[in-house]
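Structure, as structure tokens:
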Amino acid sequence: MGFLSSVEVEKSEVKKHFVRHGFIFACTDKSEETLLSNRIILTGKNYANKLFAVKEGDFIFLYNLDKDVLYGTFTAKGEPGYDKGIPIFEGRYPYYIRFETTQTIKKVEKASSIFRSLNISWRDILTEKGALLIKNILEGRAINRLRKEEIIDDKYIPPMMTTTLWDYPYQSYGYTRKGNNKYPGVTPAFIIYNLIWRYTEPGEIVCDPMAGSGTTIDVCLEERRRVVAFDIVPTRKDIIQADARNIPLKDETVDLVFVDSPYGDNIKYNDHPLNIGHIPASSEEFYEELEKVMQECYRILKKGKVLAWLIGDQWAKGEYIPVGFKIYERLTKYFSPVDVVCVVRRNQASNTPFWHSKALQHNFYLRGFKYLIIVKKEENVKRKEVKIRWNFYERW
Ligand SMILES: C[S@@+](CC[C@H](N)C(=O)[O-])C[C@H]1O[C@@H](n2cnc3c(N)ncnc32)[C@H](O)[C@@H]1O
């Protein structure tokens, strides 16, 4: 695939800062014996991202929800994997991590009351201290009282969002940098994390045609996706110089496209004459040029796959410009809508007493959110007409 192979990065190249963690995975009476005897944890989509946060050497515990019993202490062996053909439970749980145990398996009853007394949930990711605490409980040793913040690491991976309001206070998460938070208009990494876990599987190909400081690359590699990134002015070696209106990839080769485009000419990225960020959002030319990017995204996406476009409105020189709606209108000329998410804007340069007082004085609002427009390239099938049956109620 030409360009793609030059930037594919194997998982061994992903530099990870190793801090040991502990992971509790759930099972039921039906799955307990199979998991313990095969020394393997299997999950479906719901906990896939948690399972992929496990690294070789991390602590693992198995929690039987039916019996309320916790088993351990295990050590992760190898890296997590994804295999749809796994011959256990007919491949219904394709995400896996193997584990080993050096001593006889210990168990504790009434595990939920232990979690409650520690003020944690089995879904949390444990710090090394927290994992050792659970290990000591399993071994019947005396334990030290720890604060919740010492037991769990809630910044290791971002939360999976389940509503259309996305808010996370930091640009990055975990122990490795994602993009460069000094880059103008850098994308919050949790957005890309959520998109790739929703719309792709490990090993699939993600493209960012306006990659800036490379946040998409860093998130994708950590989550074992293949990634190909372009920018009109690359900021690092793994970004290829290209115009997003002419992406050097073959048709229908990509599983997800993420675009965080300029929102107008409000940010100075670079002086390149083809930088779309020189065109003001008040001019139709801005949308025409971005429509060419949309057409390219459509061309390179496989059928049935998703494009996610992050965009914010503008309030400039006394004028409100609904950039998000205008982009939505153009996108849906080619794609079908999947959803629109409202992403809370944090750490904005305008979040200062000076700008808040200007907003009141001149009767305008500071931008508080961005749109994440999620659209899909349809398969060849015609969309089914949905028949709505209305109920009529008497008026009071
Ligand atoms: C909002 S920034 C992207 C931020 C990036 N996602 C990150 O996290 O650092 C928009 C990017 O679009 C790039 N850009 C502008 N015009 C372009 C074009 N014609 N082709 C490719 N990239 C372009 C800019 O150079 C800038 O890096």
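The values are calculated or read from the model by the stated rules, or taken from the named source; none is laboratory data. The structure displayed is predicted, hence computed values, not measured ones. Quick reminder, even Gly has a Cβ in these numbers, built from the backbone with ideal geometry, and neighbours come from all protein chains shown. Accessible surface areas use protein heavy atoms only, side chains included; no ligands, DNA or RNA. Shrake-Rupley method; radii C 1.70, N 1.55, O 1.52, S 1.80 Å.
Translational diffusion of the range 295-357, estimated by Stokes-Einstein from the Kirkwood radius over alpha carbon pairs at 25 °C in a medium of 0.890 mPa s, is 171 µm² per second.
In this Cβ point-charge picture (+1 for Lys and Arg, -1 for Asp and Glu), the chain has a dipole of about 840 debye about its Cα centre.
Extending 7 Å from the Cα toward the beta-carbon at both residue 303 and residue 28 defines two label points whose distance is 3.6 nm.
Each of 306, 113, 168 was placed along the dipole of the chain (beta-carbon charges, centred on the mean Cα), and the one lying farthest toward the positive end is 113. Over the range 212-289, accessible surface divided per residue gives 38 Å², non-protein components excluded, 1.4 Å probe.
Heavy atoms of the protein chains alone define the surface here; on that basis the range 97-211 has 50 Å² accessible area per residue at 1.4 Å probe size.
Just tell me, in residue order, which DSSP H segments of the chain are both 24 angstrom or longer along the helix axis (alpha-carbon based) and at least 0.0 in mean Kyte-Doolittle hydropathy. In the chain, no H run is both long and hydrophobic enough. Cα-based values for the chain, radius of gyration first and Dmax second, are 24.0, 72 Å. Extension gain for residue 77-residue 356 works out to 95.2 nm (0.36 nm per residue, less the C-alpha to C-alpha distance).
Rounded to whole numbers, the Karplus 3J(HN,Hα) couplings from phi for the range 224-239 are 6, 9, 7, 9, 9, 10, 10, 7, 5, 10, x, 9, 8, 4, 8, 9 Hz, using 6.51 cos²θ - 1.76 cosθ + 1.60 with θ = phi - 60°, and x at Gly and Pro. On the range 106-169, 51 percent of the accessible area sits on carbon and sulfur atoms, based on a 1.4 Å probe. Each of 37, 273, 190 was placed along the dipole of the chain (beta-carbon charges, centred on the mean Cα), and the one lying farthest toward the positive end is 37. These residues, 208, 238, go from largest to smallest accessible area, 1.4 Å probe, as 238, 208.
Ranking of 95, 156 by solvent-accessible surface, largest first: 156, 95 (1.4 Å probe, protein heavy atoms only, all chains present). Between residue 106 and 72, 73, the built amide H atoms are under 5 Å apart, and every one of these is 5 or more places off in sequence or on another chain. Whole-Hz Karplus values for the range 86-102 come out as 4, x, 10, 6, 6, x, 6, 10, x, 8, 9, 9, 8, 9, 10, 9, 9 Hz, taken residue by residue from phi with 6.51 cos²θ - 1.76 cosθ + 1.60 and θ = phi - 60°; glycine and proline positions read x. Pairs spanning more than 27 Å between alpha-carbon atoms, out of 84/110; 67/155; 55/129; 178/305; 50/377: 84/110; 67/155; 50/377. At the listed q of 0.21, 0.30 Å⁻¹, the Debye profile of the range 153-203, built from one uniform point per Cα, gives log10 I(q)/I(0) equal to -0.83, -1.29. Just checking the listed ones, 336, 213, 113: in the Gaussian network model of the chain with Cα springs under 10 Å, the one fluctuating most is 113.
Hey, in the GNM for the chain with a 10 angstrom Cα cutoff, which one of 287, 365, 263 fluctuates hardest? Among 287, 365, 263, the largest GNM mean-square fluctuation belongs to 365. Shape of the range 263-396 from the C-alpha gyration tensor: oblate (a/c of 1.5 or more and a/b not above b/c, with a ≥ b ≥ c the square roots of its eigenvalues). The label-point distance for residue 145 and residue 102, in a model that sets each label 7 Å from Cα toward Cβ, rounds to 3.2 nm. Gyration tensor over the Cα atoms of the range 220-328: the corresponding equivalent ellipsoid has semi-axes (square roots of 5 times the eigenvalues, largest first) of 25, 16, 13 Å. Placing pseudo-labels 7 Å out from each Cα toward the beta carbon at residue 176 and residue 380 gives an inter-label distance of 4.0 nm.
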